[in-house]
Amino acid sequence: MHVDSCGTEKIGQWEMLPDTCLLHIFKYLSDDERSKAALVCHHWHNIMRMPCLWRCRSFHFSGHRSLKPSEYVAAKGYAENLGVFLESLEVTVCPPRSMVVAQRLHSTICALLNALVRVKAPLKSLSILRLELDRSSWDRGLRNVVVDKLIYFLLRSASRLNNICLNGMRIGTPLGLELISAIIQNQRSLSPLCGLSLDLKGFFSNSVPNHLNLNIPHMLQQLQGLTHLGLSYSCLSDELLLALSQSNRARRYKYGRGNILQRFSLFCTQNEPHQQVVQGYSWASLVSSCPDLKVILTVEQVIDSQQLVRILLPEIPLMVYNMTAFYSADENWNAKPLLRNMLPCYRHSLQSLTLDLSNRRKSLDDELLELVNVCECLIDLRIWAFLDVRTVGKLLNIRLTKKMSLNKIRVRIYTMAENTEEQEYQLKEVLSPFCYPPELQFLAVICPFI
């Protein structure tokens, strides 16, 4: 309501907005901005007190010593005052570089978890990302207290979690198994029909070959309702796949296909053990127990063809494949076996493909085009590589003539030339004859190779 120059009261446009629209707008405001907005009028004040505005929250803590203590205090204050509404919490940590920052992080996380238990926060989703507890800045005492406090939260809180992400925690195997045991006990308070999404990529220390530890398959086998699982490839073994197969077969028999493993995400990097041999029959056994299983595989800097052959077994129902080899020190590496022999095995299942390759000395244009041509289910394609500009036109021609479901195409063409004007002109000429359908999201750019 406002008063015009004639003294007449009129209703403003903001006051005409329905509560649903105001709630949607207020969700994008910071805590300080919400506090100020609550002072505008009684109506806005009442809307700002609605629980739906406070159900999801994320905090980011820097690993630098210069971080203001107020950011830590704000996290604790939010849990104490608004934790009773909180259903989804994400804490992202920039790994601490000093013991002083690690101590501050330790105090904040412990206070945050204590407050959530005290107010009986109804959390359904919890993410704590990139703690990296194997860093030297975390001494043994701090590391153990943080893990113990998280176990305490899982066992004592009112939260009934169906989504847990501990990506990048990097703790030793004994502590990690204790934490998984607490997750299992937390899940027992839920209905067996409630699905669980568990992301443990980078959960264990990357210096340990966890595929040799038989306690890991035994523990993961006990998780009820596990529908989405994320692991580092260093944990993968025949024993793990067979254990998951056995538990999912039993759940499928008892509860049906809707309560079994549906997504299996694996992260493989050169910095973690990945040389273990996994048999195809183990994957086949898991697929027989989980007919709807889709696998998401991310590979970073693992470029040796013999190692990739051991990883990319044809029995895997691969839906998403992401690979980064851009920073490879081996300039003689050849991606042709991957494109020509390995990935075509997944032509009936592969839906998303991302490749970042430094193939400066070897052309991959023909192999890439043939791979796209045979992949029947491809929806999303992202290629960053040294390519002929004309390849982009051929790629578009395949998409348009075959009427594929490939509706997202991103191509970054690397070049050694500092001045890219000539290649950009060539790309413009190649693309000018094409008329894109409205559903196609297409982008192609020239990028200097750095």
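Looking at Arg390, Arg410, Arg347 in this structure, which one is modelled with pLDDT of 95 or more, in contact with a Leu (Cβ under 7 Å, 6 or more places away or on another chain) and among the basic types (Lys, Arg)?
After applying the criteria, what remains is Arg410.
Collect the residues in the stretch 428-447 that are surrounded by 10 or more Cβ atoms within 10 Å (Cβ to Cβ) and under 34 Å from the mean Cα position of the chain (by Cα), keeping them in residue-number order.
Leu431, Tyr436, Pro437, Leu440, Gln441, Phe442, Leu443, Ala444, Val445, Ile446, Cys447
How many of the residues in the stretch 19-32 are within 17 Å of Asn81 (Cα to Cα) and part of a helix (DSSP H, G or I)? Write out each step before concluding.
From the stretch 19-32, those within 17 Å of Asn81 (Cα to Cα) are 30-32; that's our starting set.
The next check asks that each one be part of a helix (DSSP H, G or I); those that pass are 31-32.
So the count comes out to 2.
Can you tell me which residue within the stretch 374-383, out of those that are open to solvent by less than 40 Å² (accessible area, probe 1.4 Å) and in a strand (DSSP E or B), is farthest from Met323 (Cα to Cα)?
The residue in question is Asp380.
Could you list, in sequence order, all residues of the stretch 384-398 that are open to solvent by less than 60 Å² (accessible area, probe 1.4 Å) and assigned to a helix (DSSP H, G or I)? Break it down stepwise before answering.
The initial filter retains those residues of the stretch 384-398 that are open to solvent by less than 60 Å² (accessible area, probe 1.4 Å), namely 385-389, 391-393, 395-396, 398.
Within the stretch 384-398, Val389, Thr391, Val392, Gly393, Leu395, Leu396, Ile398 qualify.
Of the numbered conditions (1) in contact (Cβ under 8 Å) with a residue 12 or more places away in the chain; (2) open to solvent by 70 Å² or more (accessible area, probe 1.4 Å), Lys336 fails exactly one; give the number of that condition.
Single failed check for Lys336: (2).
Confirm whether Arg257 is over 17 Å from Leu177 (Cα atoms), touching a Lys or Arg at 6+ places or on another chain (Cβ under 7 Å), open to solvent by 20 Å² or more (accessible area, probe 1.4 Å) and not acidic (Asp, Glu).
no
Based on this model, can you work out whether Leu198 counts as without any contact (Cβ under 8 Å) to a residue 60 or more places away in the chain, aliphatic (A, V, I, L, M) and buried (at least 22 other Cβ atoms within 10 Å of the Cβ)?
Yes, satisfied.
Do any residues in the stretch 166-190 that are on the phi > 0 side of the Ramachandran plot and assigned to a loop (DSSP other than H, G, I, E, B) have Cβ atoms under 9 Å from those of residues that are open to solvent by 30 Å² or more (accessible area, probe 1.4 Å) and of a type in the set (S, T, N, Q), where the two are at least six apart or on different chains, and which pairs are they?
Correct list of pairs: Arg170/Asn206.
Pull out all pairs, ordered by first then second residue, where Cβ-Cβ is under 9 Å, the residues are six or more apart or on different chains, the first lies in the stretch 221-249 and is over 23 Å from Asn186 (Cα atoms), and the second is of a type in the set (Gly, Ala, Ser) and part of a helix (DSSP H, G or I).
Ser237/Ser282; Asp238/Ser282; Glu239/Ser282; Leu241/Ser282; Leu241/Ser285; Leu242/Ser282; Leu242/Ser285
Taking the stretch 354-364, which residues are crowded, with 18+ Cβ neighbours inside 10 Å and either under 22 Å from Pro317 (Cα atoms) or without any contact (Cβ under 8 Å) to a residue 60 or more places away in the chain (or both)?
The initial filter retains those residues of the stretch 354-364 that are crowded, with 18+ Cβ neighbours inside 10 Å, namely 355, 357-359, 364.
Within the stretch 354-364, Leu355, Leu357, Asn359, Leu364 meet the criteria.
Name every residue in the stretch 340-362 that is assigned to a loop (DSSP other than H, G, I, E, B) and polar (S, T, N, Q), in order of residue number.
Result: Ser349, Gln351, Ser358, Asn359.
Considering each residue of the stretch 399-432, count those that are farther than 17 Å from Ala385 by Cβ, assigned to a loop (DSSP other than H, G, I, E, B) and touching a residue at least 12 places away in the same chain (Cβ under 8 Å), and give that number.
So the answer is 5.
Output the residue which, of all residues in the stretch 260-316 that are in contact with an Asp or Glu (Cβ under 6 Å, 6 or more places away or on another chain) and of a type in the set (S, T, N, Q), is nearest to Asn167 (Cα to Cα).
Per the stated criteria, the residue is Thr269.
Being modelled with pLDDT under 95 and outside any loop (DSSP other than H, G, I, E, B) is the filter here; which residues of the stretch 311-336 pass it?
Selection gives Thr324, Lys336.
Among residues belonging to the stretch 219-237 that are assigned to a helix (DSSP H, G or I) and over 17 Å from Asn271 (Cβ atoms), point out the one that is least open to solvent (accessible area, probe 1.4 Å).
So the residue we want is Leu220.
Please specify each residue of the stretch 269-286 satisfying the condition of being modelled with pLDDT of 95 or more and open to solvent by less than 40 Å² (accessible area, probe 1.4 Å).
Val278, Gly280, Ser282, Trp283, Ser285, Leu286
Conditions tested, residue by residue: (1) surrounded by fewer than 17 Cβ atoms within 10 Å (Cβ to Cβ); (2) among the hydroxyl-bearing types (Ser, Thr, Tyr); (3) not in a loop (DSSP other than H, G, I, E, B).
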position: His106; (1), (2), (3): no, no, yes
position: Cys110; (1), (2), (3): no, no, yes
position: Ala121; (1), (2), (3): no, no, no
position: Ser127; (1), (2), (3): yes, yes, yes
position: Leu131; (1), (2), (3): no, no, no
position: Gly141; (1), (2), (3): yes, no, yes
position: Val147; (1), (2), (3): no, no, yes
position: Ile151; (1), (2), (3): no, no, yes
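Hey, among the residues in the stretch 22-60 that are among the hydroxyl-bearing types (Ser, Thr, Tyr) and at pLDDT below 85, which one's surrounded by the most Cβ atoms within 10 Å (Cβ to Cβ)? Show your work before the answer.
Quick first cut of the stretch 22-60, residues among the hydroxyl-bearing types (Ser, Thr, Tyr) only: 28, 30, 35, 58.
Okay, now just the ones that are also at pLDDT below 85, so 30, 35.
Working: Ser30: 8, Ser35: 11.
Ranking the qualifying residues of the stretch 22-60, first place goes to Ser35.
With free of Cβ contacts under 8 Å to residues at least 40 places away in the same chain and over 31 Å from the mean Cα position of the chain (by Cα) as the only criterion, which of Trp54, Trp44 stands out?
Trp44 is the lone residue from the list that is free of Cβ contacts under 8 Å to residues at least 40 places away in the same chain and over 31 Å from the mean Cα position of the chain (by Cα).
Check the stretch 155-167 and report whether any residue there is surrounded by 19 or more Cβ atoms within 10 Å (Cβ to Cβ), more than 22 Å from His228 (Cα to Cα) and not aliphatic (A, V, I, L, M).
Yes: one or more hits.
The values are calculated or read from the model by the stated rules, or taken from the named source; none is laboratory data. In this text, all values refer to a predicted model and were calculated from it rather than measured experimentally. Ideal geometry is used to build each Cβ from the backbone, glycine not excepted, and the neighbour counts take in all protein chains shown. Keep in mind that these areas ignore ligands, DNA and RNA; they rest on the heavy atoms of the full protein, side chains included. Shrake-Rupley method; radii C 1.70, N 1.55, O 1.52, S 1.80 Å.
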